[in-house]
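The values are calculated or read from the model by the stated rules, or taken from the named source; none is laboratory data. Because the structure is predicted, anything quoted here is derived from the model rather than measured. Reconstructed Cβ throughout: ideal geometry from the backbone, glycine too, with neighbour counts over all protein chains shown.
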Amino acid sequence: MNGVPVNKLLIVFVATVIGCASVAEAANAPDQIGRYVMRQHPFDYVPEVQRSIPKWAKCGQYWNRLRNAGWLEKDVIKADAIMWRESRCLSSAHNGDDPNIVEGVKGSLGLFQINLFWIQRTTYYPNGYLQTVLGRDLVPEDLFDVAVTIDAAQALIRYDRSLGRCGWSAWLGC
């Protein structure tokens, strides 16, 4: 066989078969996942049947909303602690002591107590940082909406991680 040992050919053949099987399995992964989108990391996906909420969760009513928004499971766990610390799981929480003012509203708002700094218009973000990354207009009261505040918190986590930090620096949660 032109100087190629049979055992090397066998190894190449087996590796090819295994590789093809892996590609076929990966190609079928979206069908197996159904309507849930793996946005960040496929190995962090939690199948629907395993999407339980632990008894110790403080803000368990938001866990599946976070998961459905594409949050990593480790971030859902961290978010539970942050939401409890910041707002006691109340989407209407408002801390008027924080210094930033937008449209006459002062402070930090919502489940994650997102500071209004993030929706202020600045030189770098003339429409506001969160408006730019989320692609929609925001007024302070929007941060009381659970879906908006979940998206906003996720955007801030991504921003923090893009700077090489843990993702939770805004909440002193590293």
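A few remarks follow.
Here is a yes/no grid of residues against (1) surrounded by 12 or more Cβ atoms within 10 Å (Cβ to Cβ); (2) assigned by TED's automatic domain parsing to the domain that holds residue 108; (3) outside any helix (DSSP H, G or I); (4) in contact with an Asp or Glu (Cβ under 6 Å, 6 or more places away or on another chain):
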| site | (1), (2), (3), (4) |
| --- | --- |
| 127 | yes, yes, yes, no |
| 132 | yes, yes, no, no |
| 138 | yes, yes, yes, no |
| 143 | yes, yes, no, no |
| 151 | yes, yes, no, no |
| 154 | yes, yes, no, no |
| 157 | yes, yes, no, no |
| 161 | yes, yes, no, no |
| 167 | yes, yes, yes, yes |
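Residues checked against (1) over 17 Å from the mean Cα position of the chain (by Cα); (2) in a loop (DSSP other than H, G, I, E, B); (3) farther than 17 Å from residue 171 by Cα:
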site: 54; (1), (2), (3): yes, yes, yes
site: 57; (1), (2), (3): yes, yes, yes
site: 61; (1), (2), (3): no, no, yes
site: 70; (1), (2), (3): no, yes, yes
site: 75; (1), (2), (3): no, no, no
site: 79; (1), (2), (3): no, no, no
site: 82; (1), (2), (3): no, no, no
site: 85; (1), (2), (3): yes, no, no
site: 91; (1), (2), (3): yes, yes, no
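- Within the range 151-165, residues that are modelled with pLDDT of 95 or more and of a type outside the set (A, V, I, L, M) sit with their Cβ atoms under 6 Å from residues that are crowded, with 18+ Cβ neighbours inside 10 Å and outside any helix (DSSP H, G or I), at 6+ positions apart or across chains, in these pairs: 160/167; 161/167.
- Whichever residue in the range 104-125 is among the β-branched types (Val, Ile, Thr) and either over 19 Å from residue 89 (Cα atoms) or in contact with a Pro (Cβ under 9 Å, 6 or more places away or on another chain) (or both) and, among such residues, is surrounded by the most Cβ atoms within 10 Å (Cβ to Cβ): 119
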